[in-house]
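**Q** Please find one structure pasted underneath; my questions will follow.
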Amino acid sequence: MYDSFSDRLFISNKRDKDKVAGSIKYLNLTIDINTDNQIVNIELKKASDFLSSLKISPSILENLKKAEIGKSRIIKTFIKEHSI
């Protein structure tokens, strides 16, 4: 969810049985991938700045009650080729 103190939006679909196999980091965005190549966590730092750049009022973050990650699968070769 949204933390106004750190201006961080964190969305998680991670289940107890999921193990994070790796992360993709780009600028202020971090995406965690599990061992089944599914996105389980998304973290956006400076979320209000990002929304403002899209001309969306960041005040929507304060009222955010629920957020979900749709079913997403990352191609295994992408992770292998772009791992750090």
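Rule-based calculations on the coordinates, nothing more; no lab input. The structure presented is a predicted model; accordingly, all values stated were derived computationally and were not measured. Note that each Cβ is placed from the backbone with ideal geometry, even for glycine, and that neighbours are counted across all protein chains shown.
**Q** What length, rounded to one decimal in nm, is gained on full extension from F10 through to K25, with 0.36 nm per residue of separation minus their alpha-carbon distance?
**A** Gain in length upon complete extension: 4.0 nm.
**Q** Continuing with this model, one more query. Just to be sure I understand the model, the point goes 7 Å from the Cα along the line to the Cβ. What's the resulting T35 to M1 distance in nm?
**A** Result for the modelled spin labels: 3.1 nm.
**Q** For K17 and D49, FRET efficiency with R0 = 30 Å and r from the beta-carbon atoms, rounded to 0.05?
**A** E between D49 and K17, to the nearest 0.05, is 0.30.
**Q** How do 36-46, 52-62, 4-14 rank on mean C-beta neighbours within 10 Å, highest first?
**A** By packing density, highest mean first, the sequence is 36-46, 4-14, 52-62.
**Q** Please give the net charge around T30, taking every other residue with its beta carbon less than 11 angstrom from that of T30, where Lys and Arg add +1 and Asp and Glu add -1.
**A** Neighbour charge sum, excluding T30 itself: +1.
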